[in-house]
Amino acid sequence: MVLLLQMFSNSDEAVINKKLPKELLLRIFSFLDVVTLCRCAQVSRAWNVLALDGSNWQRIDLFDFQRDIEGRVVENISKRCGGFLRKLSLRGCLGVGDNALRTFAQNCRNIEVLNLNGCTKTTDADMLLSFCFILSEGCPLLEQLNISWCDQVTKDGIQALVRGCGGLKALFLKGCTQLEDEALKYIGAHCPELVTLNLQTCLQITDEGLITICRGCHKLQSLCASGCSNITDAILNALGQNCPRLRILEVARCSQLTDVGFTTLARVSLLGGFFFITDSTLIQLSIHCPRLQVLSLSHCELITDDGIRHLGNGACAHDQLEVIELDNCPLITDASLEHLKSCHSLERIELYDCQQITRAGIKRLRTHLPNIKVHAYFAPVTPPPSVGGSRQRFCRCCIIL
């Protein structure tokens, strides 16, 4: 603060610098984004001090500059921000590697949210130099970490990470294809506060690893295991028994999941991609899920109007259900829309490729729910051949309602 006062001498003639206290100016600067702060830093020596004060750099998102960000930039930011920095997003910054993160972890020990999505230079080939080990040693307050598509991360890196960052609440591992069940065992053993876990496209994951997560992370509310094609109904049983707070479950392309497993799972808010789900599951959801808000039944080809009828009469229908996705459900007809008329909170419905849904049925639904967004398409009528020649014809392939 002494340095700050020295920089604002009487020779600085800017009116704003004379009229407003330095503390108030600093407060104003705290609302500016990264680009604006950098511009302000070039106005004068006084503004340079204000703009580059570490307290203004608590939240930094460098996604828009990802092509220009190299390791030295991250190192300079970490040295300037120090203990002020709480949230940093380096999503898509391909030039950032382990060396830069080592300097970052040494200077920014109070970091809480770190996004390294797509930073593919990060590795754990040398355990003592890997970014996972560095973060575990230098960032004990870390609560949210996104290392999606960092495909060089292995179970060894995860082991080092969770031992030093036991307070993790959200961990995104999408596309980390080298991860095996052993990595999940470390997470389950050391991350009891975990609320959100994304394992999409972690192809080597099986029931064994996910069951360990269920048993060790009882506060889990959101789990994405889409593309983990090896998991079976055993996972649904484990979630139902161990994760009472679970609200969001995404398991698209997990074709081994069936109605039997979902019968035991009674408290989920988002379901996606269950190819063998039938009306029996919808009956269970209508009975056991009074807080259901978003339901995705995309490509559930066995769902019929009768299942939607039970859902429309369920506890969640009148006040809770906001979104329902029924695209590519070929057995759904206008009768399903009639069953959903009583869902007064319904904001959006997806009906792409529901070939038995008609414009008339959608129109009737809108008379009861005038504000609903309906996403559907209808193939246009093929125009008759032109009489006078072979002129090319154009037609719209779909209509968004």
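The values are calculated or read from the model by the stated rules, or taken from the named source; none is laboratory data. Everything quoted here is computed from the prediction, not taken from an experiment. FYI the Cβ positions are ideal-geometry reconstructions off the backbone, even for glycines, and counts take in every protein chain you see. Note: areas computed on protein heavy atoms with side chains; ligands, DNA, RNA excluded. Shrake-Rupley method; radii C 1.70, N 1.55, O 1.52, S 1.80 Å.
Out of all the residues in region 79-93, is one or more in contact with a helix residue (DSSP H, G or I) (Cβ under 8 Å, 6 or more places away or on another chain) and without any contact (Cβ under 8 Å) to a residue 24 or more places away in the chain? The answer is no; no qualifying residue exists.
Entry remark, region 281-320: residues being closer than 18 Å to LEU351 by Cα, more than 28 Å from the chain's Cα centre (by Cα) and of a type in the set (Gly, Ala, Ser) number 2 in total.
Taking region 350-370 as the range and being under 28 Å from the mean Cα position of the chain (by Cα) and either at pLDDT 95 or above or more than 27 Å from ARG291 (Cα to Cα) (or both) as the test, only ASP353 passes.
None of ILE111, ILE77, ILE60 is among the β-branched types (Val, Ile, Thr), assigned to a strand (DSSP E or B) and either modelled with pLDDT under 85 or open to solvent by less than 60 Å² (accessible area, probe 1.4 Å) (or both) except ILE60. Here HIS344 fulfils each of the conditions (1) within 22 Å of GLN256 (Cβ to Cβ); (2) open to solvent by 70 Å² or more (accessible area, probe 1.4 Å) apart from (1).
Mind listing whichever residues of region 130-159 are farther than 16 Å from GLN106 by Cβ and assigned to a helix (DSSP H, G or I)?
Result: LYS155, ASP156, GLY157, ILE158, GLN159.
Inspect all residues belonging to region 225-240 and state whether any of them is on the phi > 0 side of the Ramachandran plot, under 23 Å from the mean Cα position of the chain (by Cα) and at pLDDT below 80. No: zero hits.
Checking each residue in region 262-305 for being at pLDDT below 80 and not in a loop (DSSP other than H, G, I, E, B) picks out PHE262, THR263, GLN284, HIS288. Taking the numbered list (1) under 20 Å from GLY157 (Cβ atoms); (2) open to solvent by 30 Å² or more (accessible area, probe 1.4 Å); (3) not in a loop (DSSP other than H, G, I, E, B) in turn, ARG215 passes all entries but (1). If you filter region 170-218 down to residues that are of a type in the set (Lys, Arg) and either in contact with a helix residue (DSSP H, G or I) (Cβ under 8 Å, 6 or more places away or on another chain) or without any contact (Cβ under 8 Å) to a residue 40 or more places away in the chain (or both), you find that the one that is nearest to ASN146 (Cα to Cα) is LYS185.
As a summary of the residue check, PRO192 satisfies the conditions (1) open to solvent by 40 Å² or more (accessible area, probe 1.4 Å); (2) in a helix (DSSP H, G or I) except for the one numbered (2).
For every residue, the table says whether it meets (1) closer than 21 Å to ALA360 by Cβ; (2) in a loop (DSSP other than H, G, I, E, B); (3) in contact with a helix residue (DSSP H, G or I) (Cβ under 8 Å, 6 or more places away or on another chain).
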{"site": "ARG309", "(1), (2), (3)": "yes, no, yes"}
{"site": "ALA317", "(1), (2), (3)": "no, yes, yes"}
{"site": "GLN320", "(1), (2), (3)": "no, yes, no"}
{"site": "PRO330", "(1), (2), (3)": "yes, yes, no"}
{"site": "SER336", "(1), (2), (3)": "yes, no, yes"}
{"site": "SER342", "(1), (2), (3)": "yes, yes, yes"}
{"site": "SER345", "(1), (2), (3)": "no, yes, no"}
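Any residue at all in region 139-147 that is open to solvent by 40 Å² or more (accessible area, probe 1.4 Å) and of a type in the set (A, V, I, L, M)? There is at least one residue in region 139-147 that is open to solvent by 40 Å² or more (accessible area, probe 1.4 Å) and of a type in the set (A, V, I, L, M). Out of curiosity, is ILE28 of a type in the set (A, V, I, L, M, F, W, C) and assigned to a strand (DSSP E or B)? The answer is no for ILE28.
For (1) at pLDDT below 85; (2) surrounded by fewer than 15 Cβ atoms within 10 Å (Cβ to Cβ); (3) part of a helix (DSSP H, G or I), each residue gets a yes or a no:
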site: LEU88; (1), (2), (3): no, no, no
site: ALA105; (1), (2), (3): no, no, yes
site: ALA125; (1), (2), (3): yes, yes, no
site: LEU128; (1), (2), (3): yes, yes, yes
